[in-house]
Every structure is written in C-alpha cells, then in structure tokens.
Amino acid sequence: MKKYTITRNLTAAFLAWTILMLPMAAAAQSRIKAPGNKYKIQDDVKLGREASVEVDKTFPMVNDAEATRYVENVGQKLVASIPSQFRHSEFNYSFKIVNASDINAFALPGGPMYVNRGMIEAARNEGEMAGVMAHEISHVALRHGTSQATKQSNPLAQLGAIGLILGGAILGGQTGAQLGQMVVAGYFLRYSREYETQADTLGAQILADAGYDPQDLANMFKTIQAENKGGNPPEWLSSHPNPSNRYENINRESRLLRVSQNPIKNTAQFERVQSKLKRMPKAQTMKEIESKAKSGQTPTMNGRYENNVERPATRTRSYSAGNWIRLNVPDNWEQFPSETSVWFAPRGASGKDGITHGSLIGVSRGQNQSLSAATDDYVEGVLQSNTYLRKRTNYSQTTINGRQAYAIVLAGRSPITNKNEIATVYTTMLRGGDLFYVITVVPESEEGNYYSAFRSMIRSIRLND
C-alpha cells in the first residue's frame, strides 16, 4: 500500500513538472517585437495591392494551375502558423510563381508574395522552399516595409511613394536591385540587418509550428551556395544586409523550438511540381526580364493593327536563312526577323503584341530530349506566354521535309482582335538536337482563306542542317 502511494506521488509530481516545463520550453524561443510603425494597417494593404498590379504586369508568371495551387497551399499553411500577436486579419496573403531562373522570392506589404521558379527548382525538398516562404511571410507579418519607411528621412519614404517600394527579396545585391528597378524605377527597399534577423527568427518559429524543420531555412543558404558554380560568393553573401552568422543563428533558434520528430521534408507533390517546372522551357533571369521590360521591343513593334487584313497572295516568294532553311511564303507577307525566329505577316496584322495573321518559324534550343518531350515542353511554353490559348486538339503526327513531326491546334479569344484565334504548332527535330517549330495564326472566321497558304508554306520547307 505504501509503495503504491509513493509511485502515485512520483507520477503526479512528474506530470506536474512536465506541465510546468511545457510553457517554459515555448517561452525559451527568442522573443520578437514588431518595430515601430507610424502607418496604419490599411496603408500596408493598399500599398501592397497597388504594387502587386505593377508586378503582375511586369513579371512573367508561371501559368500552371497545379504548381500555383501547390505553392498557395504551402503558403497558407505557413500563414496559419504566424503567432497571434503578428496576425492581421486585414492582410490578404497570396502566392504566385514568377517564371524567372534566379533563386529568389519577395513579398509586398499586406500579403502578396512571389516565389521564383528558380528557387523551387533549386530547393532540395519542400522544407527548404517553405523556409524561404516563411522568411518572406515574416517580413509582411512584422510590417517591415512601412516600418523601415517610418525610420527613413529620404523623401521617397513618404507615404505617397511607399507604394512603389518592392518588398525585400530573400537575396540582395544586384539581383534584388533588379527586382526593385523594374517596379520602382531605381529605388529598392533593403531591409536592415535587424529586420533580416527578425525575419529569419520568426520564419524559423513559423516553420516549426507548421510541422517543418527550421534548419531547412538555414540549409537553403547552403543550397544557394552549392548552386553557385562560378566560384565567387553569391550575392546574398556579399551584399545582402544580413549578419555573417545567419546560418548559425537560424540553427541556434531551431534548438529552442518544439520541432516535430518527423518534420515535413519532402512530399510527392513537391517532387511532381518541381519536375514539371524543370521540364518547362528555360526561364529568363531577372536581368533579362528587366532588359526586355525596359526596351519594350518586339520584332513586330513598329507594325500597326488594322481591322481589314488582306488575304494571302497566291504568288509566293522564297525565304532562306543561311544555308540551313528555305521556304516559300505569300508575296504580300512582310518578314520580321529576331535572334532565334522570324515572323511573317501581311500588312495590318502585326504590332507591339505580335501578329494576328501569319506565321512564326524558329528554333528552340534542345536539351537532349525526344521529339515528343521537346514538343510538349515547347507547347507548354507557348501556353505560358499566351494565357488566353487552350489546347483544342491532341497531338497528331505529320511530316516536315520528310521528317517525323507533330502538330497541335491551340485556340482562344485574342486580346488584340477580340476574335477567336486558331494557332497551329508544328514541330520537328533538327539533327543537332534542337527543336524546329512553325506556328500559324489566324482568326477562326478567316481560317478558310489561309488554309492553302499555310499548307503550301509547310510543304515548301527544306532543312539542310
């Protein structure tokens, strides 16, 4: 009887000790205090909403429903783990994928967040991707954008101009500056070391609460360093305003947190989405996107769209590029060459947004793929760049100059003519492994007038590669 009492008392004491220690363990994590801010919550929301409109117009987005939905789901899981004192019901967190190869991500005041495709492709698991996202979410939750503006005396920091400030990217240096220049005409918000440390610390806490391992946030910087094959330190090491011991700080914080014994490392969905992104046509760098945005030039830039476009002439002329290709096109079509392609269109069918009638031929650099795989990747790229188009048919087999080829019909309402447009993509493989493509474009209501011209052009192609 006495032994039972001792055991019972020891058990009760142990349970009481455990209950007491649980809050202490949680309290051991670093305390974070949101910095001072003279702006209202509504200011963050308004500024972020206005800036996101500019970002959406300037940056190419990945137009893939599965990938976007996946990133959105991971993001909302992290948002649900923001500590209550930093939650703002007015904020609307949203997540999009930028079709850029740089390993980066950035967020705007009030919640809009953009994840670079290159970051997802470089991450070794879902935990690393989530770590970068948690860091950016922390900047938003702590209102670092308007807080930093509060401290600055620069006239650009006045409320009227804050809407032009792009949320701090995970990387700094020239990569971050390019992000800013594209949207803010030369001014880019670089967070202080204090704010970057806060975002790392809160990001680690959010990760742990969401079921991830905070060390994956630290490991992401190792991944970035491993991706740097040139030998020079990555921009984030030399230019980003972070403490030199950032990696160690995050790992130190992780030891203070309750981390799941089986944290989320990798998922089948992450692997599927990452694989899909890697199969897409190569993404541009931020520098290339910036250059294109600044120039605003397309091969057909000087054309002028007209309501009445003349039919293809029955008489043709020969076009050749070097010695490797020759074909016949209607004599009344103009040609607009670019670095890797050439556009053909009648007068009144070309302008700053491309062509409404005519054809485009070009070469997509190969990646040692089969014709079917290369074709599928190229067509997906066309759909990404022309979001109004959808697949109307499946792939069909055909020939180009006696070679195996594929054809597929895409359709959608053209934003230029406001008419339903038919775009047919033809592909075949060159001997060096590159993909040769032809795209014919015409409003569906005029398809019959162009059928013979398109068929004759395809049949006249001669490749000498």
Whole-Hz Karplus couplings 3J(HN,Hα) for the stretch 458-463, θ = phi - 60° and coefficients 6.51, -1.76, 1.60, Gly and Pro as x, run 4, 5, 7, 5, 10, 9
Once amide hydrogens are built 1.01 Å from N within the peptide plane, the residues lying 5 or more places from Gln29 or on another chain with amide H under 5 Å from its amide H are none
Descending Cα extents along the principal axes, the stretch 329-465, whole Å:
38, 31, 27
Given 0.36 nm per residue, what is the gain on full extension from Gln42 to Lys282 after removing their alpha carbon distance, in nm?
82.5 nm
What are the extents of the Cα atoms of the stretch 52-144 along their three principal axes, listed from largest to smallest and rounded to whole Å?
35, 31, 22
Please give every one of the aspartates and glutamates within straight-line cross-link reach of Lys151, meaning a C-alpha to C-alpha distance under 14 Å, and leave out same-chain neighbours fewer than 8 residues apart.
Glu194
May I ask you to derive the FRET efficiency for Asn323 and Gln404 from their Cβ-Cβ distance with R0 = 22 Å, giving the value to the nearest 0.05?
0.45
Each label point is 7 Å from the Cα along the Cα-to-Cβ direction; what then is the distance between the points at Ser81 and Asn308, in nm?
6.5 nm
Strictly over 18 Å apart at the Cα level, which of Lys57/Lys352; Lys282/Lys391; Lys282/Lys352; Lys77/Lys222; Lys57/Lys77; Lys96/Lys391 would you flag in this model?
Lys282/Lys391; Lys282/Lys352; Lys77/Lys222; Lys57/Lys77; Lys96/Lys391
May I ask you to list the aspartates and glutamates whose Cα is less than 12 Å away from that of Lys40, ignoring any residue fewer than eight positions away on the same chain?
Glu90
The stretch 419-465: radius of gyration and largest Cα-Cα distance (Dmax), Å:
12.9, 39
Report the Rg/Rh value for the stretch 391-433, based on alpha-carbon coordinates and the Kirkwood definition of Rh.
1.13
Between Arg315 and Ser370, what is the label-to-label distance in nm when each label sits 7 Å out along the Cα-to-Cβ direction?
4.7 nm
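Since every read-out is calculated from the coordinates, none of them should be taken as a lab result. Since the structure is predicted, the reported quantities are computational estimates derived from the model, not experimental observations. Neighbour counts run over all protein chains shown; Cβ positions are idealised from the backbone, glycine included.
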